[in-house]
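The values are calculated or read from the model by the stated rules, or taken from the named source; none is laboratory data. The structure displayed is predicted, hence computed values, not measured ones. Note that each Cβ is placed from the backbone with ideal geometry, even for glycine, and that neighbours are counted across all protein chains shown. The area values use the complete protein model at the heavy-atom level, side chains included, leaving out ligands, DNA and RNA. Shrake-Rupley method; radii C 1.70, N 1.55, O 1.52, S 1.80 Å.
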Amino acid sequence: MAGLEIPSWDPETALLIGAILLEAFVLYVGYGGLERLVGPYLMDLIVGGNASAR
Amino acid sequence: MLGSLLSGPGFLGTSPEMLALFAGFGLVVGVLFGFFGMGGSFLVTPALLMLDYPAPVAVGSGMAFVFGTAVIATLKHHDLGQVDYKLGVIMITGTTIGIEAGRASVYYLESMGLAGGVISVAYVVLLGGVGAMVTRDALKGDGGGGVDHEATDKDLDEYEIPEIAKKIQQTVRIPPMVTLRGDVRVSAWVITAVAFATGVLSGFLGVGGGFIRMPAMIYAIGVPVPVAVGTDLFEIVFSGGLGSYLYGQGGGVNLGIVAPLLFGSALGARVGSAATAVVDADEIRVYFGGMLLVGSVAVGIGEVGSYLGNATLELLGLVLVIGAAVVVAAAVLYTTVTSLRVTRQQQTSTAD
């Protein structure tokens, strides 16, 4: 593996990188939705009152 | 001793204990990245090296983690209109060649049995150097060594091009010249040189390289700060993706490490980013600098332990690296919650 290489097509590695890409998208959308859903409730819980205090 | 933790039943060959550790460490790293705008990957590769992972796996998985983090952050910065796609595309070529040169160096050193040691020493120098710089600037009150979150709210026209960038733009006029956002006109060769140098660093250490690429974009190319941040991330998506692919072909990317790290860091980055709206990062940047310095010492201790075959020193190094990050992330969260409570009490008193 030493020495400069031109990348060759490798379906298994492409699938691996694709899985990381997919996870990133899912986390971005999932955590975004979760933040909207439970964010205000969590803020109330942590700060102990109205979340609009921010 | 540490290696025994790596095997066993679990997800993709990673034991449940290690999955929990990676997710937790990812959460901490995410909080730091979201809050300070840098340091997302500084500690991941050294920690993996100290956990006895082979150097190509530590660097390759660190790079794949950076790739995933950059995808998430770029989606956010794209929505804010802070990505110069022309600059990003020009940089991709230089960075990609640099990453490949760095990756080839890792495998070359690995074939001689020197990769782990050389990379650890490079991290000691890197963490120590950046840590000293951040601590010095924080003590001087410059607030340097990271992203100025308030600056990102300014109009691009309000940014002045640094003198050194103006000088480079006037001196190096090798065609083709390109015009970037913020009316910056610079030789494509300057952009490629900056991209190549930071690419080598990324490929060799498995870091995003933003802590060097961003200042380089600002001071060597003259790009406005918010555009430098957004474009850096956009560029890492492609170069980091390709770098991860190249490492992956050699078996250097372990999904059992990357998936839980990303799972934790994506959440942590949201929390850290939200905290910047409440707490001024400059107030606790000195702790961040201290964390990098402790990280530098910890990697040194771990490497000495590895050289002497002393498992206690290796464990101490690992505990220090993770512990320093946990302490600073906890300081960020504690300061944020305290500030929120004070603000709420003041609002309640005013309402009464």
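Among the residues of region B:266-291, write down those that are open to solvent by less than 40 Å² (accessible area, probe 1.4 Å) and over 12 Å from B:Phe35 (Cα atoms).
Hits for region B:266-291 are B:Ala266, B:Gly289, B:Gly290, B:Met291.
Based on this model, can you work out whether B:Val326 counts as touching a residue at least 60 places away in the same chain (Cβ under 8 Å), of a type in the set (Val, Ile, Thr), part of a helix (DSSP H, G or I) and surrounded by fewer than 23 Cβ atoms within 10 Å (Cβ to Cβ)? Steps first, answer last, please.
Details: touching a residue at least 60 places away in the same chain (Cβ under 8 Å): yes; of a type in the set (Val, Ile, Thr): yes; part of a helix (DSSP H, G or I): yes; surrounded by fewer than 23 Cβ atoms within 10 Å (Cβ to Cβ): yes.
Yes: the conditions hold for B:Val326.
If you go through region A:37-47 one residue at a time, do you hit one that is at pLDDT below 90 and in a loop (DSSP other than H, G, I, E, B)?
No: zero hits.
I need the full set of residues from region B:46-92 which are open to solvent by less than 30 Å² (accessible area, probe 1.4 Å) and of a type in the set (D, E, K, R), in order please.
B:Asp84
If I filter region B:340-347 for residues that are more than 14 Å from chain A (Cβ to nearest Cβ) and open to solvent by less than 60 Å² (accessible area, probe 1.4 Å), do I get at least one hit? Can you show your working first?
At the first step, the residues of region B:340-347 found to be more than 14 Å from chain A (Cβ to nearest Cβ) are none.
Checking region B:340-347: not a single residue is more than 14 Å from chain A (Cβ to nearest Cβ) and open to solvent by less than 60 Å² (accessible area, probe 1.4 Å).
For region B:276-289, does any single residue satisfy the condition of being over 30 Å from B:Ala193 (Cβ atoms) and of a type in the set (Gly, Ala, Ser)? Spell out the reasoning first.
From region B:276-289, those over 30 Å from B:Ala193 (Cβ atoms) are B:276-284, B:286-287; that's our starting set.
Restricting the remaining residues to those that are of a type in the set (Gly, Ala, Ser) gives B:277, B:281.
The answer is yes; a qualifying residue exists.
Just to verify a result, which residue in region A:6-45, among those that are of a type in the set (Ser, Thr, Tyr) and open to solvent by less than 40 Å² (accessible area, probe 1.4 Å), is farthest from the other protein chains (Cβ to nearest Cβ)?
The qualifying residue farthest from the other protein chains (Cβ to nearest Cβ) is A:Tyr31.
Among (1) under 30 Å from A:Leu16 (Cα atoms); (2) in a helix (DSSP H, G or I); (3) within 14 Å of chain A (Cβ to nearest Cβ), which single condition is B:Gly251 missing?
All conditions are met except number (2).
When region B:218-250 is examined, which residues are found to be free of Cβ contacts under 8 Å to residues at least 40 places away in the same chain and under 17 Å from the mean Cα position of the chain (by Cα)? Explain how you work it out, then say what you get.
To start, the set of residues in region B:218-250 that are free of Cβ contacts under 8 Å to residues at least 40 places away in the same chain comprises B:228, B:232, B:245, B:249.
Once the filter is applied, which keeps residues that are free of Cβ contacts under 8 Å to residues at least 40 places away in the same chain and under 17 Å from the mean Cα position of the chain (by Cα), region B:218-250 yields B:Ala228, B:Asp232.
If you take the residues in region B:199-216 that are under 20 Å from B:Ala104 (Cα atoms) and modelled with pLDDT under 85, which one is surrounded by the most Cβ atoms within 10 Å (Cβ to Cβ)? If you could, list the steps in order and put the result at the bottom.
Restricting attention to region B:199-216, the residues satisfying the condition of being under 20 Å from B:Ala104 (Cα atoms) are B:199-209.
Still in the running and modelled with pLDDT under 85: B:201-203, B:205-209.
On the way: B:Leu201: 21, B:Ser202: 30, B:Gly203: 30, B:Leu205: 23, B:Gly206: 37, B:Val207: 27, B:Gly208: 32, B:Gly209: 30.
Only one residue tops the list, namely B:Gly206.
Scan region B:224-265 residue by residue and report those that are open to solvent by 30 Å² or more (accessible area, probe 1.4 Å) and acidic (Asp, Glu).
Within region B:224-265, no residue meets the criteria.
Please verify whether B:Gly302 is assigned to a helix (DSSP H, G or I), touching a helix residue (DSSP H, G or I) at 6+ places or on another chain (Cβ under 6 Å) and more than 14 Å from chain A (Cβ to nearest Cβ), treating the condition exactly as stated. Step through it out loud before you land on a result.
Numbers: assigned to a helix (DSSP H, G or I): yes; touching a helix residue (DSSP H, G or I) at 6+ places or on another chain (Cβ under 6 Å): yes; more than 14 Å from chain A (Cβ to nearest Cβ): yes.
For B:Gly302, the condition - assigned to a helix (DSSP H, G or I), touching a helix residue (DSSP H, G or I) at 6+ places or on another chain (Cβ under 6 Å) and more than 14 Å from chain A (Cβ to nearest Cβ) - is met.
When you scan region B:26-82, how many residues do you find that are of a type in the set (S, T, N, Q), assigned to a helix (DSSP H, G or I) and under 21 Å from A:Tyr28 (Cα atoms)? Please lay out each step first, then the result.
Step one: of region B:26-82, the residues of a type in the set (S, T, N, Q) are B:41, B:45, B:61, B:69, B:74, B:82.
Those still in the list that are assigned to a helix (DSSP H, G or I) too: B:45, B:61, B:69, B:74.
Narrowing the set further to residues that are under 21 Å from A:Tyr28 (Cα atoms) leaves B:61, B:69, B:74.
Residues flagged as of a type in the set (S, T, N, Q), assigned to a helix (DSSP H, G or I) and under 21 Å from A:Tyr28 (Cα atoms) within region B:26-82 amount to 3.
Considering B:Gly30, B:Gly39, which residue is at pLDDT 85 or above, buried (at least 24 other Cβ atoms within 10 Å of the Cβ) and closer than 30 Å to B:Val271 by Cα?
Numbers: B:Gly39 fails: at pLDDT 85 or above.
Within the list B:Gly30, B:Gly39, the selection yields B:Gly30.
Return the residues of region B:83-104 that are within 14 Å of chain A (Cβ to nearest Cβ) and outside any helix (DSSP H, G or I); say none if nothing qualifies. Break it down into steps so the answer makes sense when it comes.
So in region B:83-104, the residues within 14 Å of chain A (Cβ to nearest Cβ) come out as B:92-93, B:96-104.
Answer for region B:83-104, where residues must be within 14 Å of chain A (Cβ to nearest Cβ) and outside any helix (DSSP H, G or I): there is none.
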